[in-house]
Amino acid sequence: MTIGAHGLVAVATSDLEKLLRALVRGHLACPLTVHGLACVGLQHAADRLDAVKNLPEPAVRAVIVAVVAERRAAARREASLRQTLEAAGDDAP
């Protein structure tokens with residue numbers, strides 16, 4: 001398996017948001033290290049952040065923002081589809 005082969009799929013959205021906050025507030029530096037992640041309470045995610053661990057800070061921030069935005073958009077689409085299906089079920093004879 002290559003480093004970062006699974007991207008950030010296994011990283012919880014809440015952890016990505018916490019990572020982004022730590023970067024924005026200057027509580028975490030890049031490249032990411034296990035020690036730095038532990039200092040902001042993200043040591044449990046260290047092994048799942050291979051895809052971004054060696055990137056410069058602007059790149060890490062851009063990737064995290066993009067991933068979180070995509071996940072939020074997918075959640076909205078899923079909720080909309082669910083609502084549509086439920087409404088269609090209410091209209092069934």
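Counting only alpha carbon atoms, the long axis of helix 13-24 and the longest principal axis of the chain meet at about 40°.
Computed 3J(HN,Hα) for the stretch 57-72, one whole-Hz value per residue from the Karplus formula 6.51 cos²θ - 1.76 cosθ + 1.60 where θ = phi - 60°, is 3, x, 5, 4, 4, 5, 5, 4, 4, 5, 5, 5, 4, 5, 5, 5, glycine and proline marked x. Modelled label positions at Asp47 and Ala88, each set 7 Å beyond Cα in the direction of Cβ, lie 4.2 nm from each other.
Hull volume per residue, based on the alpha-carbon atoms of the chain and their convex hull, is 112 Å³.
Each reported figure results from applying straightforward, stated rules to the coordinates on display, with no laboratory input. Everything numeric here is computed off the predicted structure, so don't read it as measured data. Ideal geometry is used to build each Cβ from the backbone, glycine not excepted, and the neighbour counts take in all protein chains shown.
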